[in-house]
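One structure below.
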Amino acid sequence: MEADSKQESSLDTIVAILIAVVVAIGALIAWRASLIDDSSGDYDYAGLQANVNAMQARALNYVNTYESYGNYVNYWRNSKLGQLIGQELESASEDQVQGLTEQMKVADDLADANSTMFQVRYLNRDGTYSTQRQLGEMWADAMKKSNIDYTTQYDQADQDRARSRRMLLALMIVSIAPVFYSITESVEGGKKYLMIALGSIAAVAGTVLAVLVELGKI
């Protein structure tokens, strides 16, 4: 009888230790889940900032690009106008020469003025202006100057939220263990060991899941 009492006392001590260990593990898992959830919030905020930066960069790029394109159009129009007037001069009468010459000079001067207001490297071989190439180059420059990759930030936020949910699932599984351990006080004989075994299985399963989530395996 005394031996049974000592065995039951030892078993109660083991259960108490197991409960304490499981509670500590659960607290650690809850802490990690909280940190991961906070991280997802940080990535969301970073994504919002990057999105704002991207919108500003895109708007500025379009303004600058189409301003350059407008200057190119003015250059092309005045250049062609000067050429057409030059062709008319070949067959113009003496009375028309002076007027046409002045008009051609004005057109050429305007073309020269506009030629410095766009970058010739964006001209295609056929003489057209590549707005897409300029936009692409300006976007690449904007990426170097500031964070505009908001999709990466949002994707990371989604991944962290998913990790946080899996960590909370691990916490739920671990939290089942103390329930089984507590039941040992109200059952007798082999049922005590069964409850301890079930509780330990839940504790181990939840802990393993938490470790795998922490390591990024799942």
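Quick one: what do you get for segment 2-214 if you divide its Cα Rg by 2.2 N^0.38 Å?
Numbers: Rg = 38.3 Å, N = 213, 2.2 N^0.38 = 16.9 Å.
Segment 2-214 yields a ratio of 2.27.
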- Message: From Cα pairs below 8 angstrom and at least 6 apart in sequence, can you work out the relative contact order of segment 2-214, rounded to a whole percent?
- Response: 33
- Note on the structure: The summed charge of the W31 Cβ neighbourhood (under 13 Å; Lys/Arg +1, Asp/Glu -1) stands at -2
- Note on the structure: With a Förster distance of 45 angstrom and the Cβ-Cβ distance between K145 and V23, calculated FRET efficiency to the nearest 0.05 equals 0.35
- Calculate the tail of P(r) for segment 165-218: the fraction of all Cα-Cα distances greater than 16 Å, expressed in %. 43
- For an R0 of 45 angstrom, estimate the FRET efficiency from the Cβ-Cβ distance between I201 and Q132 and round to the nearest 0.05. 0.15
- Measuring from label point to label point, each 7 Å out along Cα→Cβ, what is the R165 to V179 span in nm? 2.2
- Message: Test of understanding: express the Cα radius of gyration of segment 35-137 as a ratio to 2.2 N^0.38 Å, with N the residue count.
- Response: 1.83
- Query: Which loop-located trypsin sites (Lys or Arg not before Pro) does segment 77-143 contain, where loop means any DSSP state but H, G, I, E or B and the Cβ has at most 13 other Cβ atoms within 10 Å?
  - Reply: R125
- Message: Once you place label points 7 Å from the Cα toward the Cβ at M117 and T152, how far apart are they in nm?
- Response: 3.8
- Task: Place a label point 7 angstrom from the Cα of Q49 along the Cα-to-Cβ direction, then list the residues of segment 147-162 whose backbone nitrogen is under 18 Å away.
- Result: 147-158
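Only the coordinates and a few stated rules stand behind these numbers; no lab work does. None of these values were measured; they are calculated from a predicted model. Here Cβ is always computed from backbone atoms with ideal geometry, including for glycine, and neighbour counts include all displayed protein chains.
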